[in-house]
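Provided herewith is a single structure, encoded as structure tokens, for subsequent inquiry.
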Amino acid sequence: MTEDKSIVSAPFRPKLEAVRDEDPRDRGGNRQPLLIVNQLRKYFPIRGGIFNHRRGEVRAVDSVSFSVLKGETLGIVGESGCGKSTLARLLMHLIPCDTGEQIFDGEAVGELRGLSLRELRRNMQMVFQDSSSSLNPRLPVEQSIAYGPRVHGMARAEAKAVARDLLDKVGLRPELFGSRYPHELSGGQKQRINIARALALNPRMLILDEAVSALDKSVQAQVLNLLRYLKRHLNLTYVFISHDLSVVQYISDRVLVMYLGEVVEIGPVDAIYTAPKHPYTAALLRSRLNLNPAERLAEAPLSGDPPNPINPPSGCRFRTRCNFAEAVCADRSPALGEHTNRSAHRAACHMVHADSGHSLSGRAASVEGAHGQRN
Amino acid sequence: MTDVISTDAPALRHGLSAPDIKVRSYLQTVTHRLRHDPVTLFFLAVILIIALAAICAPWIAPFDPNKTGTLYRLKPIGFRGFILGTDELGRDMLSRLIYGARTSLVMGLTPVVLATVIGGTLGVTAGFHGGRVNMCIMRIVDVFYAFPSVLLAVAISGTMGGGIQNGLIALTLVFIPPLCRIAETTTTQVRSLDFVEAARASGASSASIIIHHVLANAAAPLFIYASSLISVAILLAAGLSFLGLGVEPPTADWGMMLSNLRQAIYVQPLVCALPGVAIFITSLSFNLVSDGLRQAMDVRA
């Protein structure tokens, strides 16, 4: 299959596509972002001691702001434990956030006169990483898919018809797979069911939390192409969370890089992958395995574990592992800046800000080049 | 390079179409497995026979179970129409065993059913809500756990006095803690799984999630454990009657019959052992049937 190869060599660039104008669910038009997230924060308390008091907190997601444009795929990458999944759960309101606001197509979520949680969940759905545990083992998959519409008041027969139609859309024959149980399906088939389940409420946005990470490469390619097909035909917008840089490059229009609960870089996929501005992004990209044996990595570009999110470093959180760290990095945390523009490429690093006081500040060249000079 | 976007779902289907296999529903799978399990079927038949005998006792018992006869005390098995002999008051053993099945089955099934409903509700509530609710319910349950079950049953029915009703209440109270704990544990496990999160993400209420997703997965272990408790309940009820705390004479009950006949163990050992044999067969049947059900109901095996 040619699709498989395209993932490896990745010469194919998806075009930035906008949502078709005729979508009746659209409110603000194409210029208005589908989702705006403002200063979202989630600290998990650490309790302990005899009286179960609050001893500290894990800063899982800290002041995260970004926007998702209509019809785009926003990839979110980062190391394990950097807060990607917490962010997904916060967006779905599966866990409450400490502070921050969320605006869905111009309407504030969960506020008076805004969009209710129930309405948000109609418009935004999620596909989980573990395809097995996200399906009820006691329900035939057809009923799992029909459950969402049933909850929202659809008649049983109608919900079943919706489920069968979706099974067909995700490439599984309804008459063959509809009455099966999850344990009778393969991982890829289960993930297709999960996608169908997420689509059952006819949402406008899908959050895919490591949706293909647990699948093997060929099945990954099938599911990724299915996602692209569905996006075009159902007018969807994706937030695609993954630690797999190649997959994110393949499917995303824009990419957001997270480190220790903060956004460190955001920009169009080409800009990020060819000229990363943040040293962390550059290191992440260099740590990708290369298919060319002549270009083997002698040692990992990023060594050690990320610092403890309970007690993150002062200033820039990446400075403890950064090759360019200076005094200013410990003093002040670098700002990311506004990024509503779809072609804007921003990084939270003192080196990209001209007046930050960093010796390499204001450099137009990517840090990839700077890295070479310094070594 | 081919255009990847042109890939559509129907094209993907070719690589994935599975061979046409017969798809069975859950109930069909369970019955199919049970039908091929002769041990479970046999003991299920034994339970049905005992239950049928208990229901039809007035018609099938050869004698009045409470009619005493001083001339026929402690006669051996097969003595003059007394198929299983007579007890210490000259009453027909077979008739008393058939009538005794009534009390034993009532004492075995009622407390288990009641405790499953009450304990299951408490456990699912505790497990699903977690936090403070969980702590309150489970700590109260733990208090009951601190006592050995037999001692607790004896203590409760001892304080409230004898009789079937008090015996049933005592047994129900004894069985609530373990059933509650099982319901709580399985619910806590199920609650943390992604499909519950996914159900919540689709906007479902807690009640709907519990009914459609939690109960279906938590009910199987609860049901299986409860069915194994039936034999324990019969034994405990027999024990209560043995101590004089359960059924009051002259009502026939296997436990009390065993208790009253034990003085005659050297006179008519076979006859004296009969109530014990009845208890043994019944509890063994319930145990093996519950084990067979557990195997048949495990869809993933």
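Anything in the range A:216-235 that is surrounded by fewer than 20 Cβ atoms within 10 Å (Cβ to Cβ) and away from every other protein chain (no Cβ under 12 Å)? List them, or say none.
Those that are surrounded by fewer than 20 Cβ atoms within 10 Å (Cβ to Cβ) and away from every other protein chain (no Cβ under 12 Å): A:ASP216, A:LYS217, A:ASN235.
If you take the residues in the range A:99-125 that are acidic (Asp, Glu) and touching a residue at least 12 places away in the same chain (Cβ under 8 Å), which one is farthest from the other protein chains (Cβ to nearest Cβ)?
A:GLU101
In addition: Against the condition more than 19 Å from the chain's Cα centre (by Cα) and in the same structural domain as A:SER246 (by TED's automatic domain parsing), how does A:ASN52 come out, does it pass?
Judged against the criteria, A:ASN52 is a match.
Just a yes or no: is a residue in the range B:136-152 within 14 Å of chain A (Cβ to nearest Cβ), crowded, with 19+ Cβ neighbours inside 10 Å and β-branched (Val, Ile, Thr)?
No - not one qualifying residue is present in the range B:136-152.
Of the residues B:ALA198, B:ALA183, which is within 14 Å of chain A (Cβ to nearest Cβ) and of a type in the set (Gly, Ala, Ser)?
On the way: B:ALA183 fails: within 14 Å of chain A (Cβ to nearest Cβ).
The match here is B:ALA198.
Is there a residue in the range B:105-123 that is among the aliphatic types (A, V, I, L, M), touching a Gly at 6+ places or on another chain (Cβ under 8 Å), assigned to a helix (DSSP H, G or I) and closer than 20 Å to B:MET257 by Cβ?
Yes, because at least one residue in the range B:105-123 is among the aliphatic types (A, V, I, L, M), touching a Gly at 6+ places or on another chain (Cβ under 8 Å), assigned to a helix (DSSP H, G or I) and closer than 20 Å to B:MET257 by Cβ.
Looking at (1) in contact with a strand residue (DSSP E or B) (Cβ under 7 Å, 6 or more places away or on another chain); (2) at the interface with chain B (Cβ under 9 Å from one of its Cβ atoms); (3) over 14 Å from A:ALA198 (Cα atoms), can you tell me which one A:PHE128 breaks?
Unmet condition: (3).
When only residues in the range A:268-326 that are assigned by TED's automatic domain parsing to the domain that holds A:ALA354 and of a type in the set (Asp, Glu) count, which is modelled with the highest pLDDT?
A:GLU326
Here's the yes/no breakdown for (1) buried (at least 18 other Cβ atoms within 10 Å of the Cβ); (2) touching a Lys or Arg at 6+ places or on another chain (Cβ under 7 Å):
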site	(1), (2)
A:ALA108	no, no
A:LEU117	no, no
A:LEU176	no, no
A:GLY188	yes, no
A:ILE193	yes, no
A:ARG204	yes, yes
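Would you check if there is a residue in the range A:301-317 being among the basic types (Lys, Arg) and not in a loop (DSSP other than H, G, I, E, B)?
There is no residue in the range A:301-317 that is among the basic types (Lys, Arg) and not in a loop (DSSP other than H, G, I, E, B).
What are the pairs, 6+ residues apart or on separate chains, where a residue within the range A:74-98 that is within 13 Å of chain B (Cβ to nearest Cβ) and within 10 Å of A:ILE207 (Cα to Cα) has its Cβ under 6 Å from a residue that is surrounded by fewer than 21 Cβ atoms within 10 Å (Cβ to Cβ) and β-branched (Val, Ile, Thr)?
That search, which allows pairs on different chains as well, returns A:ARG89/A:ILE95.
Tell me the residue from A:ALA196, A:ALA157 that is in a helix (DSSP H, G or I), without any contact (Cβ under 8 Å) to a residue 12 or more places away in the chain and assigned by TED's automatic domain parsing to the domain that holds A:LEU74, please.
None of the other options fit; the residue is A:ALA157.
Right, here's the next one. B:ALA220 - would you say it is within 9 Å of another protein chain (Cβ to nearest Cβ) and either at positive phi or in contact (Cβ under 8 Å) with a residue 60 or more places away in the chain (or both)? Even if it seems obvious, please write down each step before you answer.
On the way: within 9 Å of another protein chain (Cβ to nearest Cβ): yes; either at positive phi or in contact (Cβ under 8 Å) with a residue 60 or more places away in the chain (or both): yes.
Yes: the conditions hold for B:ALA220.
Within the range A:130-141, track down each residue that is surrounded by fewer than 21 Cβ atoms within 10 Å (Cβ to Cβ) and within 28 Å of the chain's Cα centre (by Cα).
A:ASP130, A:SER132, A:SER133, A:PRO137
Please pick out the residue among A:ARG254, A:ARG296, A:ARG288 that is closer than 20 Å to A:ALA348 by Cβ and among the basic types (Lys, Arg).
From the options A:ARG254, A:ARG296, A:ARG288, the qualifying one is A:ARG254.
Can you say whether B:MET297 is closer than 28 Å to A:SER134 by Cα and at pLDDT below 80, as far as the supplied structure shows?
Yes, satisfied.
What single numbered condition from (1) modelled with pLDDT under 80; (2) among the aliphatic types (A, V, I, L, M); (3) touching a helix residue (DSSP H, G or I) at 6+ places or on another chain (Cβ under 8 Å) fails to hold for B:VAL267?
The single condition B:VAL267 does not satisfy is (3).
The values are calculated or read from the model by the stated rules, or taken from the named source; none is laboratory data. As the structure is a prediction and not an experimental result, all values here were calculated from the model. Cβ sites come from the backbone with ideal geometry, for glycine too, and all protein chains shown count toward neighbours.
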